[in-house]
Amino acid sequence: MTDLRRLLPAEMDELVTGAGFPRYRSDQLLHALWKEGKTSLSDIRVLPAALREHLAAQGYTIGATTETLRSASDDGETAKVLLKMADGTLIESVMMQYPEEGHHPRSTGCVSTQAGCAMGCVFCATGQMGFKRNLRAEEIVAQIMHFANLLRERGQHVTNVVFMGMGEPLANYAETIRAVRLLVDPRAFGLAQRSITISTVGVIRGIQRLAEEGLQVGLAISLHSPDDDLRRRLVPTAGPGSVGRIMEAAADYFHRTGRRVTFEYALLEGVNDSVETARELAALVAKTGAHVNLIPVNPTAGGFRRPARARTLAFERVLRENGVNCTVRVEKGSEIAAACGQLRTEAARAGALQATAQAAHRSTAAR
Ligand code: SAH
Ligand code: SF4
């Protein structure tokens, strides 16, 4: 069985013409898959039955992702879905909407690249659940197609994609890049490259490879500390010297792509949130021109707390005064555990979610 949504347009052309059909049939198939969100071959009436039957006989299908649960935040601007993959693996994806005056809202899909994560960051709910398996490219894009289909009903569309859900994208490199290429290809999903951001915990070899892909996607690196020893305590899988190696890799990424990276910094009360630490961080990043995104930590089982608002603002002020471009992330969806680091798919969590689910048991892509 192969999901047709795994195929890049050039591969689709080859499949269709190789079966003796003209190339425009491939265009029609791509359009039905990506622009119309068709989830069953038999629904693509524009194609000749012979082609549909040929593809089905060769084991091609379209998606097999079922929504098992959905919850929405009180303001209705964040929706979290629990999606079931064909093999029963559960993953979470989030969509955040930001109202824009006079326009359709900005709608950002936050996708998972792995079920679980092996990196073990001590404040992250996904890290606490351990690693289950890598997701395939079609399972990554299925998350975006799921939201695209929901939005289409309202005359809206997905405008941005962030790889900030469960898992470490660069530890699942090939499938992540294939997903990015499907999302940006004008004959597939067709999103602007600059509206995509990949967030990494700092897999150096992955950052180097990404710099050579010829893509223009944004890169965010989760730094969390300017100090190597502290960083190793927060990100136990980081090797010694990771802070320095991340800074080098970030400079190299900028050099090769012309795109500055963003550093993400989870603020943990009493751990990495002092004014002295802010000064050290500023000394490290100011000269790179990089942006720092401060994320007051969301509560997980790790027992960390976010600093008081005043302390967060003091940290931000020190960075600004020392020439660092920075923002404090506006949290969305923390009441439905959809915010950063809260994604986990344990049965217990699903049980708790049930109570707030507003539109559960909807299957959009089952066939
Ligand atoms: N594995 C990648 C991407 C997924 S995590 C990475 O680590 O970058 C996305 C972001 O959420 C990261 O910056 C991560 O540090 C942050 N995060 C994880 N747990 C969090 C928590 N409990 N509160 C706030 N941010 C968290
Ligand atoms: Fe994995 Fe990112 Fe969570 Fe760390 S923060 S455990 S890398 S998902």
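Quick check: is even one residue across region 156-163 modelled with pLDDT of 90 or more, within 12 Å of ligand 2 (Cβ to nearest atom) and crowded, with 18+ Cβ neighbours inside 10 Å?
Yes, region 156-163 has at least one match.
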Residue among 111, 122 that is within 11 Å of ligand 1 (Cβ to nearest atom) and surrounded by fewer than 23 Cβ atoms within 10 Å (Cβ to Cβ): 122
Being polar (S, T, N, Q) and part of a loop (DSSP other than H, G, I, E, B) is the filter here, so list the residues in region 179-231 that pass it. 216, 225
Within region 164-190, restricting attention to residues that are touching a helix residue (DSSP H, G or I) at 6+ places or on another chain (Cβ under 6 Å) and within 16 Å of ligand 1 (Cβ to nearest atom), which residue is modelled with the lowest pLDDT? 166
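The values are calculated or read from the model by the stated rules, or taken from the named source; none is laboratory data. Remember, predicted model here, so these are calculated numbers, not experimental data. Note: ideal-geometry Cβ built from the backbone for every residue, glycine included; neighbour counts use all protein chains shown.
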